[in-house]
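Read through the structure below, which is laid out as structure tokens, and then see the notes.
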Amino acid sequence: AKASGKNTYAFFDEKINEKIVRKMKIQNSMKDAIKNNEFMLYYQPQYYISTGRIKGFEALLRWNSSQHGFVSPSEFIGIAETSGLIIPLGYWVLNEACSFIKRVIDMGYEDVSISVNVSVIQLMQDDFVENVNNVLRQYGLKPSNLQLEITESILMENIDFNLKRIRELRRLGVGLSLDDFGKGYSSLTYLRDLPIDILKIDKTFIDNILESNEKSCLTGNIITLAHDLGLSVVAEGVEEEEQLKYLKCYNCDMVQGYLFSKPLPR
Ligand code: C2E
Ligand code: CA
Ligand code: CA
Ligand code: CA
């Protein structure tokens, strides 16, 4: 029994070790990846349900690493956050995304917006608001052409400080979305105080629509609650007609998902 216990530990040690080594390798390759043009942005359209018109696009990072092949953002964003690389990478994303939406506007689409995912690590930088303002000016964009998406759970960890920064961004006039709503630490008290304009319902709640009456009811209630607070609602990860029908019924404002389009390179 002792021997097998020992083996078990050795097995886990090995697993943990492998994970750490992979993380370190990814972190190292990420350092040169911006310079080597290994990152790309894909864009996924967001539509108004009522009119079917396009609201804008969400910019989503893709990394084709020369050493590791395609690495998923759900793996590398966390590593970029702990290593601090998210700061230069985040600015690269902001710049690239603004350049994309400028081109779309120049094609004749006026009131479109680009949604950019922002890590709380970026938000905490003293010059973040100033840099956002500079990028907007550089491309001649209106603040309303930019929508920043901030993930709910991490935001709540340091809410007082983050609230201050979010108010500064609001004063600048950019749109603010609370991403992954319902997945994390949802505090309705904070939701009332947050100067955001869009709530993005997490995909799990969109999936729930197909599960059971009780579960879909919860999704409907979130939409109603958001509307009561004066927020617009985006449903993300919509894959089925049936989900769209339900969302329409609850007056959900916008949709995004494979039912309409996958994220695509420009
Ligand atoms: P997110 O912001 O919640 O983005 C939505 C994710 O759902 C994206 O995954 C998108 O490709 C995927 N998706 C969209 N529609 C559907 C659908 O109908 N079905 C399914 N199954 N999935 C759908 P992706 O691109 O892998 O990104 C994962 C996460 O990585 C994002 O979640 C976001 O938190 C983070 N991320 C991506 N790009 C950036 C970035 O530029 N900066 C930061 N800080 N985070 C980013
Ligand atoms: Ca997002
Ligand atoms: Ca999300
Ligand atoms: Ca997410």
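Bear in mind that the values in this text are calculations on the coordinates, not laboratory data. What you are looking at is a predicted structure, and each value in this text was computed from that prediction instead of being measured. Don't worry about glycine lacking a Cβ; one is built from the backbone with ideal geometry, like all the others, and counts go over all protein chains shown.
Shape class of region 133-266 from the alpha-carbon gyration tensor: oblate, with a/c at 1.5 or above and b/c at least as large as a/b.
If both residues of a DSSP beta bridge must be in the chain, then about 40% of such bridges are antiparallel.
So what is the relative contact order of the chain, in percent, for Cα pairs below 8 Å that sit 6 or more residues apart?
After rounding, I find 17 percent.
Rounded to the nearest whole angstrom, the semi-axes of the ellipsoid equivalent to region 39-153, taken from the Cα gyration tensor as √(5λ), stand at 24, 17, 14, largest first.
For region 193-239, what does the relative contact order come out to in percent, with C-alpha contacts under 8 Å and a separation of six or more?
Relative contact order for region 193-239 comes out at 53 percent.
For the chain, the spherically averaged projection of the C-alpha convex hull amounts to 17.5 nm².
List every residue whose amide H lies under 5 Å from the amide H of Leu199, counting only residues 5 or more places away in sequence or on a different chain, with H placed 1.01 Å from N in the peptide plane. Here Leu178, Ser232, Val233, Val234 satisfy the definition. Close amide-amide hydrogen proximity is noted between Gly56 and Gln46, Ser113, each under 5 Å apart and 5 or more residues distant or on a separate chain (H modeled in the peptide plane; Pro and chain starts excluded).
Summing charges over neighbours of Val71, with a neighbour being any other residue whose Cβ is under 13 Å away from its Cβ, gives +2 when K and R count +1 and D and E count -1. Taking the helices alone, the chain has a mean residue ellipticity at 222 nm of -16000 deg cm²/dmol, built from -39,500 (n - 2.57) per DSSP H run of at least 4 residues and averaged over all its residues.
DSSP beta bridges confined to region 49-177 are antiparallel in about 20 percent of cases.
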